[in-house]
Amino acid sequence: MRKKISIILNFLVIITVILFMNTNFVYAITPISTLEYQGIDVSNWQGYIDYEGVKSDGVDVVYIKASQGSNIKDAYFDINYENAKANGLKVGFYHFLTATNTEQAIEEARFFVSVIANKAPDCKLVLDYEVFGGVGVEEINQIAEVFLETTKRLTNKEVILYSDLSNAQNLFGRELSENYGLWLAYYGDYRELENIQTNWEKFLGIQYSDRGRVRGINGFVDMDKYSEEIFLDEVSEIPVIENPKEITNTKTINYTIKRGETLWEIARKYGTTVQEVANINNIQNPNLIFPGQTIRILTNSTVRGEETRGTGDIIYTVQRGNTLSGIAQSYNVTVNHIVELNNIQNPNLIYPGQKLRITESNIQDLNPIQNISSTYVVKRGDTLTSIARRYGVSVNYLVRINGIQNPNIIYPGQLLQI
């Protein structure tokens, strides 16, 4: 009997070891160290930023969007980098990935590196991968791995992954977590994460809000906290590599003002606004410019006609006779929505040629209030964060109108009001 019991116990031990060896380990996730650095992450969505104001508001770190896909350079990347550095902020760069195979991932990595060449980041480079285009889980991990490894090899810099909690739990696997750090998006109390399991044991930073307010920035901005480990061991310039594709959407030019020109005419010629040109060039009085003066202009070749669609928004050019209430009604948004996004001081004062940013919330095409969908069916891989960004609304808004108890738990087939 004793021998039989011994055999049974040995068998159970062997089974336990086999099961243990084949388990996909998950961890209760916590910060890698104290989150002592206040940060923000920005893109062209914020427009021109006064970094002196940002610095005075206690921000230590700014992550700047550099590129998207294989040929889109963020319109404000250069200016954000220069002004953030000039005001003593620690700077990091991120790329928004759209690849659906590993070949495209390599192409996007090369493009990212070509955009950030000759610049010296203080922080680890970041992959923002949250739109998957129907790609399966295995392929998603392969695409992420190829992008991260290619970027690391080309720059000789450490790279990390940005992810929300759902994707860190369900999509991105152990191989990625073992080789790359995590910047986590979680819009709750991060101390609650001690009881939540993911494939990462630690995170280097956390994005805790997409509705932050910071001095020097018009409208909302993403808010973050970072640990010391977010910084690179050495600050040096990114090496230059051949630009695989021409940047098609934006460029910066130096323009010399001619006799008789006005800032309004120049802004209209280059598809920008008087306020933007004035901000970029620190012009106190837009009506006071002089021949021979050289100004810096961000051109945007996607601006055509009355409006153009951007990433998460459209730009509408005010026509003669327009009112703010009429524009808001046409696009099924509120006047306050437009006023807040565009920092309009007087809602009754808009002028022909002025460009207004409007989020694409509930807009299915460029024809006002047509084919508007008020519901969305959750697909595999969706998160509230990715859905909110797609429709230009906040996570809190989706949580509130859908009565969601836990923002980190949604499931395929679930119907959401947008």
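The values are calculated or read from the model by the stated rules, or taken from the named source; none is laboratory data. Bear in mind that the values here come from a model prediction, so they are computed numbers and not experimental data. All Cβ positions, glycine included, derive from the backbone under ideal geometry; neighbour counts span all protein chains shown. Calculation scope for accessible area: heavy atoms of the full protein, side chains included, ligands and nucleic acids excluded. Shrake-Rupley method; radii C 1.70, N 1.55, O 1.52, S 1.80 Å.
Things to note:
- Filtering region 149-191 to residues that are among the hydrophobic types (A, V, I, L, M, F, W, C) and closer than 18 Å to P31 by Cα leaves V159, I160, L161, L165, A168, L176, L182, W183, L184, A185.
- Screening I79 against (1) in a loop (DSSP other than H, G, I, E, B); (2) of a type in the set (A, V, I, L, M); (3) in contact with a strand residue (DSSP E or B) (Cβ under 8 Å, 6 or more places away or on another chain) leaves a single unmet condition, (1).
- Residue within region 402-418 that is at pLDDT below 75 and either buried (at least 17 other Cβ atoms within 10 Å of the Cβ) or within 22 Å of V221 (Cα to Cα) (or both) present: yes
- Qualifying residue in region 334-349 (condition: among the charged types (D, E, K, R) and at pLDDT below 75): no
- Residue selected from region 393-408 under the condition under 22 Å from the mean Cα position of the chain (by Cα) and among the hydrophobic types (A, V, I, L, M, F, W, C), by the criterion farthest from I338 (Cα to Cα): V399
- In region 146-157, residue nearest to F93 (Cα to Cα) [restricted to those that are surrounded by fewer than 20 Cβ atoms within 10 Å (Cβ to Cβ) and either under 18 Å from the mean Cα position of the chain (by Cα) or not polar (S, T, N, Q) (or both)]: K152
- Test: residue in region 243-256 that is over 24 Å from Y76 (Cβ atoms) and in a loop (DSSP other than H, G, I, E, B): no
- Looking only at residues in region 127-145 that are aliphatic (A, V, I, L, M) and either open to solvent by 10 Å² or more (accessible area, probe 1.4 Å) or not in a helix (DSSP H, G or I) (or both), the one that is farthest from G69 (Cα to Cα) is V137.
- Matching residues, region 352-375, being at pLDDT 75 or above and either in a loop (DSSP other than H, G, I, E, B) or not β-branched (V, I, T) (or both): Q354, K355, L356, R357
- From the list G88, G69, G58, the lone residue that is touching a Ser or Thr at 6+ places or on another chain (Cβ under 8 Å) and more than 20 Å from L176 (Cα to Cα) is G69.
- Filtering region 73-88 to residues that are buried (at least 22 other Cβ atoms within 10 Å of the Cβ) and β-branched (V, I, T) leaves nothing.
- Check on E108, among the acidic types (D, E) and under 19 Å from the mean Cα position of the chain (by Cα): yes
Conditions tested, residue by residue: (1) open to solvent by 80 Å² or more (accessible area, probe 1.4 Å); (2) assigned to a strand (DSSP E or B); (3) at negative phi.
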site	(1), (2), (3)
S163	no, yes, yes
F172	no, no, yes
L182	no, yes, yes
E192	yes, no, yes
I206	no, yes, yes
S209	no, yes, yes
G219	no, no, no
E229	no, no, yes
I238	no, no, yes
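- The condition (being modelled with pLDDT of 95 or more, closer than 30 Å to G133 by Cβ and of a type in the set (D, E)) is satisfied by just one residue among D60, D41: D41.
- Any pair with Cβ under 6 angstrom, 6 or more apart, that starts in region 197-217 at a residue that is under 23 Å from A388 (Cβ atoms) and ends at one that is open to solvent by 10 Å² or more (accessible area, probe 1.4 Å) and of a type in the set (A, V, I, L, M): Y208/M223; S209/M223; G212/M223
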